[in-house]
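Report on one structure; see the data block that follows.
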Amino acid sequence: MWNRPGLDLKYRSLVVVSVLAATGHNQELKTHLRGALNLGWTVDELREALLQVGAYAGFSAAHEALDVLSEIVTPG
């Protein structure tokens, strides 16, 4: 899936992050958020994408995903 034409790797990553957040797959989300950061997404851009997930998948899904993002960017 990652090598298909039509979307570059950065945008494909954002789609995966959004779907994982919406479906509550938080362990996988953690891995893909790290990958998204490595591909050039900023923390602010990822935060906005996850907030957008909340509008369609519910506040709880977005809140949990934002917690996962926080774990990654402020470990400890």
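What the table shows:
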item: Rough spin-label spacing in nm, given labels placed 7 Å along Cα→Cβ, for Thr23 and Arg4; result: 1.3
item: Between 0 and 90°, nearest 10: helix 26-38 axis offset from the chain longest Cα axis; result: 60
item: Nearest 10 degrees, 0 to 90: helix 59-73 Cα axis against the chain principal axis; result: 80
item: In degrees, nearest ten, helix 43-57 long axis to first principal axis of the chain (Cα); result: 80
item: 12 Å beta-carbon shell around Lys30, net charge (K/R +1, D/E -1); result: -3
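Here, each number is a calculation from the coordinates, and none is a lab measurement. For clarity, every value in this text was computed on a predicted model and none was experimentally measured. Because the Cβ atoms are built from the backbone with ideal geometry, glycine has one as well, and the counts that use them run over all protein chains shown.
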